[in-house]
Amino acid sequence: MQESAHMNAIEELAAKLEKSPNISGQLVIPPRRGAYADFPGSLDVRLVAALKSKGVGELYSHQAETFEKISRGADVVVVTPTASGKTLAYNLPVLNSLLADANACALYLFPTRALGHDQEAALSELLEAVDEPVGAASFDGDTPADTRRAIRQSARIVITNPDMLHTGMLPHHTKWQRFFCGLKFVVIDELHSFRGVFGSHFANVMRRLKRICRFYGSEPQFICCSATIANPSELAQLICGRTVDCVDSNGAPSGEKRFYLYNPPLVNEALGIRRSYVRTAEKLAGDFIESHISTIVFARSRLNVERITKALKERLNRKAMSQELVQGYRGGYLPELRRSIERGLRDGTVRGVVSTNALELGIDIGSLESCIIAGYPGSISSTWQQAGRAGRRGALGLAVLVASSQPLDQFIANHPEYFFEQSSEHARIDPDNIMILLSHFRCAAFELPFREGEMFGNLPADHTRDILDYLAENNDLHRSGEGWHWMGAVYPAAEISLRSVTDGNFLVVEEEKERVLAEVDFHSAPETLHEGAIHMVEGVAYEVRRLDWEGHKAYVARVEAEYFTTAEQHSEVKVLDRFDGLKAGIELSEYGEVRIRRRIVGFKKIKFDTSENLGFSELDMPEQEMVTTAHWFSLPAGLYRRLDVAPGEVAEGLAGIAHAMHGMATLLLMCDMRDLGRCIGDRSGGWFAPHLIEGAPVFDDMSNAGGASPAAGENSEPTLFIYDNFPGGIGLARRLWELHDTLVRRTYELVSACRCAEGCPSCIGPQASIESSAKKTAIGILKLLMEK
């Protein structure tokens with residue numbers, strides 16, 4: 001009876017949603033029956049008994065298919081949805097082999113420590129049921145020194161992450177001789193997360209791993225698992241360096257899922273202002289949690305996690321309900337707190353959780369019934385991965401994507417058919433990025449000397465030799481006879497990060513109690529840990545009193561703050577090389593290499609309830625620099641005459657185009673919004689007023705840096721840059737250059753169809769003046785760009 005009443009509550013909320021005029025699209029995914037297979041005849045009887053003791057009497061069809069392919073020696077990538085039993089798909093063949101061969105070992109790689117610890121618990125349960133001494137242990141930064149020795153000596157399944165393999169295992173492979181000699185399987189979970197720079201680095205770590213395995217006489221099989229992406233086989237092949245078999249026929253049953261696109265109502269049509277998507281997500285989540293429906297809210301930033309958590313706790317308090325029913329969850333929380341929240345979700349003491357994409361991956365958090373996604377996550381793949389957290393045990397699951405005012409969100413909300421019919425994104429990596437290659441050649445040379453004629457991964461021997469000779473000329477390596485040897489005093493892996501950051505994380509320390517509250521990655525630290533910043537932890541506000549940049553620590557004090565802070569960034573771009581260009585119509589479209597300099601110059605205080613700007617403070621922060629690839633196009637001098645506007649209005653129009661084009665670029669490339677950056681400047685080296693542009697100017701002569709900022713003049717050539725937001729680039733800019741005409745057309749469709757009068761967040765961005773002609777100018781420029 002209780003179960004029936006609970007299901008009625010879910011149906012009532014679903015019916016209420018469906019009647020809302022703010023639902024712009026809906027997709028019902030019917031329940032599906034499972035496809036099953038008997039246990040393989042070669043499966044060890046001890047594993048069969050252990051599975052049956054846990055109530056598993058047969059396998060899903062994709063689990064059996066995976067077992068068969070691995071048993072005949074194939075490298076495999078398994079591509080099935082969230083909660084479809086991928087873990088058992090790789091655990092069974094690995095354990096079956098380890099039970100048959102006492103010397104065989106396996107390496108399990110997870111993108112995060114948290115996921116690795118979670119999977120260790122699941123594996124330990126299965127091993128306990130098998131009752132055989134197959135040692136499995138986590139080896140990461142938290143592992144004590146004496147435990148590390150024991151793992152090296154006896155563990156047969158080592159669970160770790162790419163960073164630890166890179167710095168803690170491969171450089172010290174002589175201590176792991178037993179393990180590498182017997183290494184039979186390498187399991188890579190959450191393969192889709194290895195993209196961009198991280199994935200490009202990781203592919204080279206795999207090249208180094210295979211090189212060391214060959215040295216010790218082993219050749220492990222690769223078993224990869226991925227969420228649905230457009231190119232799983234291609235990605236697995238690039239990372240593993242081998243052809244792989246793809247298993248993508250899902251045999252797991254699933255309950256009915258209903259997915260809704262919710263577009264908050266317009267509160268000012270002329271200005272295109274919509275109700276806050278964060279507030280909307282708060283209200284929807286509150287309604288679900290008060291109705292005893294377990295709910296996860298995904299937010300796009302750590303700040304929004306804290307904002308929503310704080311609002312939900314206050315709402316529960318007003319309803320005389322325990323605030324502990326709702327918890328925030330994000331990467332900066334300490335491991336003990338995250339484990340506690342995960343346990344609470346599994347045992348039901350936590351009914352609602354607000355998370356960044358940290359819970360998008362397969363950490364076991366039990367059965368959830370609804371998912372609220374506050375703002376488009378940046379990719380179709382991530383959206384479905386997050387939505388898959390609802391209805392994970394076969395029951396009805398509800399997922400709601402609440403659109404923000406950003407152009408990409410609005411395009412999706414207004415074109416639901418495009419979103420529902422579009423395939424998932426391609427995961428793009430470039431293992432042969434020269435900057436990344438040089439780093440890993442150094443690491444590989446430290447691990448083992450290179451020999452004449454040796455290939456590095458799939459790189460031809462002559463290409464490998466060219467790089468080795470370059471490093472020898474640079475005094476990194478020493479050529480001796482037929483080999484190249486490392487010359488440095490320390491091992492290079494310690495200085496090379498696999499992530500997009502170049503240094504270690506920052507610790508957030510409560511000054512009064514001298515206790516560590518959280519940690520923040522290096523790239524985010526300037527934006528979130530500058531002096532005066534409000535840093536939220538579990539809904540509690542802390543103000544940064546002092547930032548120790550060299551020591552990587554931010555000292556904070558607890559405060560009562562009714563506002564949050566947002567950093568203002570100043571960027572500048574220098575063109576280093578032009579790889580390709582095309583003159584078409586009025587514009588010159590180019591692709592090449594650029595240097596990006598970024599610096600936090602100040603911050604605003606924004607009131608929580610009203611989003612009112614309470615003031616601006618200047619900052620003097622260290623500069624960050626990156627060399628990458630970009631696509632850019634320039635407009636001709638004197639264009640303002642054809643548009644019949646003042647010269648400065650061309651700059652305003654192009655700034656609006658940049659706002660809209662950024663979103664359309666991610667849609668065309670099927671990449672994450674954060675994979676791209678943008679900046680506007682003047683091809684001739686002049687500067688535009690900062691309030692008109694995203695960041696700062698463009699200049700080819702760095703001697704112009706720091707000069708005055710003249711207004712856009714009659715002879716200026718305004719230029720829009722869209723760049724790979726990763727050092728060295730990963731190929732996005734080149735593809736964007738190839739799609740330039742389509743990009744212009746899609747941007748025109750977005751801007752011209754928007755109902756606002758003068759520009760709004762959903763098209764060209766809000767304008768400083770209600771009499772601005774920026775939207776009209778932007779449309780005029782786009783029309784001219786389409787004339788060939």
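The values are calculated or read from the model by the stated rules, or taken from the named source; none is laboratory data. It should be emphasised that the depicted structure is a prediction, and the values quoted were computed from it without experimental measurement. Quick reminder, even Gly has a Cβ in these numbers, built from the backbone with ideal geometry, and neighbours come from all protein chains shown. Calculation scope for accessible area: heavy atoms of the full protein, side chains included, ligands and nucleic acids excluded. Shrake-Rupley method; radii C 1.70, N 1.55, O 1.52, S 1.80 Å.
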Residue in segment 294-314 that is modelled with pLDDT of 90 or more, open to solvent by 50 Å² or more (accessible area, probe 1.4 Å) and of a type in the set (Lys, Arg) present: no
Residue that is most open to solvent (accessible area, probe 1.4 Å), among those in segment 592-641 that are in a strand (DSSP E or B) and of a type in the set (Asp, Glu): Glu618
Criterion (acidic (Asp, Glu), within 30 Å of Trp486 (Cβ to Cβ) and open to solvent by 10 Å² or more (accessible area, probe 1.4 Å)) met by exactly one of Asp146, Asp140, Asp118: Asp146
Any pair with Cβ under 6 angstrom, 6 or more apart, that starts in segment 568-582 at a residue that is at pLDDT 85 or above and ends at one that is small (Gly, Ala, Ser) and surrounded by 14 or more Cβ atoms within 10 Å (Cβ to Cβ): Asp577/Gly592; Arg578/Gly592; Phe579/Gly592
Hits in segment 348-361 (condition: buried (at least 22 other Cβ atoms within 10 Å of the Cβ) and under 19 Å from the mean Cα position of the chain (by Cα)): Val354, Ser355, Leu359, Glu360
Residue under evaluation Arg33, criteria (1) in contact with a Leu (Cβ under 8 Å, 6 or more places away or on another chain); (2) more than 25 Å from Gly135 (Cα to Cα); (3) at pLDDT below 95, criterion not met: (1)
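Of all residues in segment 629-675, count the ones that are charged (D, E, K, R) and within 20 Å of Ser423 (Cα to Cα). Write out each step before concluding.
In the first step, residues of segment 629-675 are kept if they are charged (D, E, K, R); the result is 641-642, 644, 649, 652, 672, 674-675.
Now restrict to residues that are within 20 Å of Ser423 (Cα to Cα): 672, 674-675.
Within segment 629-675, residues that are charged (D, E, K, R) and within 20 Å of Ser423 (Cα to Cα) number 3.
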Test result for Gln422, at pLDDT below 85 and more than 23 Å from Arg307 (Cα to Cα): yes
Which numbered condition His463 misses (of (1) open to solvent by less than 50 Å² (accessible area, probe 1.4 Å); (2) free of Cβ contacts under 8 Å to residues at least 40 places away in the same chain; (3) not in a loop (DSSP other than H, G, I, E, B)): (1)
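Within segment 57-89, which residues are among the aliphatic types (A, V, I, L, M) and part of a strand (DSSP E or B)? Quick ask: steps written out before the conclusion?
In the first step, residues of segment 57-89 are kept if they are among the aliphatic types (A, V, I, L, M); the result is 59, 64, 70, 74, 76-79, 83, 88-89.
Scanning segment 57-89 gives Leu59, Val76, Val77, Val78, Val79.
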Where Glu447 falls short, out of the listed (1) open to solvent by 70 Å² or more (accessible area, probe 1.4 Å); (2) of a type in the set (D, E, K, R); (3) under 26 Å from Leu238 (Cβ atoms): (1)
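Could you please let me know if Ser71 is touching a helix residue (DSSP H, G or I) at 6+ places or on another chain (Cβ under 7 Å) and surrounded by fewer than 19 Cβ atoms within 10 Å (Cβ to Cβ)? Spell out how you get there, then give the answer.
Details: touching a helix residue (DSSP H, G or I) at 6+ places or on another chain (Cβ under 7 Å): yes; surrounded by fewer than 19 Cβ atoms within 10 Å (Cβ to Cβ): yes.
Criteria met by Ser71.
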Given (1) in contact (Cβ under 8 Å) with a residue 60 or more places away in the chain; (2) outside any helix (DSSP H, G or I), index of the condition Ile159 fails: (1)
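Only one residue in Arg338, Arg343, Arg315 is farther than 27 Å from Glu11 by Cβ, without any contact (Cβ under 8 Å) to a residue 40 or more places away in the chain and either within 22 Å of the chain's Cα centre (by Cα) or part of a helix (DSSP H, G or I) (or both). Which one? Outline the logic, then answer.
On the way: Arg338 fails: without any contact (Cβ under 8 Å) to a residue 40 or more places away in the chain; Arg315 fails: farther than 27 Å from Glu11 by Cβ.
Of the residues listed, the single one that is farther than 27 Å from Glu11 by Cβ, without any contact (Cβ under 8 Å) to a residue 40 or more places away in the chain and either within 22 Å of the chain's Cα centre (by Cα) or part of a helix (DSSP H, G or I) (or both) is Arg343.
Which of the following residues is assigned to a strand (DSSP E or B) and in contact (Cβ under 8 Å) with a residue 60 or more places away in the chain: Leu284, Leu261? If you could, list the steps in order and put the result at the bottom.
On the way: Leu284 fails: assigned to a strand (DSSP E or B).
Step by step, each of Leu284, Leu261 is checked, and only Leu261 is assigned to a strand (DSSP E or B) and in contact (Cβ under 8 Å) with a residue 60 or more places away in the chain.
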Of the criteria (1) at negative phi; (2) of a type outside the set (Phe, Trp, Tyr); (3) open to solvent by 10 Å² or more (accessible area, probe 1.4 Å); (4) modelled with pLDDT of 95 or more, which one Ala203 fails: (3)
Lys184 being of a type in the set (Lys, Arg) and in contact with a Pro (Cβ under 7 Å, 6 or more places away or on another chain): yes
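Among the helices (runs of 4 or more DSSP H) contained in segment 374-437, which hold 2 or more residues that are more than 29 Å from Ile764 (Cβ to Cβ) and of a type outside the set (S, T, N, Q)?
Working: elements: 380-387, 407-414, 416-421.
Here the list reads 380-387.
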Odd one out for Ile308, checked against (1) within 22 Å of Glu425 (Cβ to Cβ); (2) part of a helix (DSSP H, G or I): (1)
Odd one out for Ser218, checked against (1) hydroxyl-bearing (Ser, Thr, Tyr); (2) touching a Gly at 6+ places or on another chain (Cβ under 9 Å); (3) buried (at least 23 other Cβ atoms within 10 Å of the Cβ): (3)
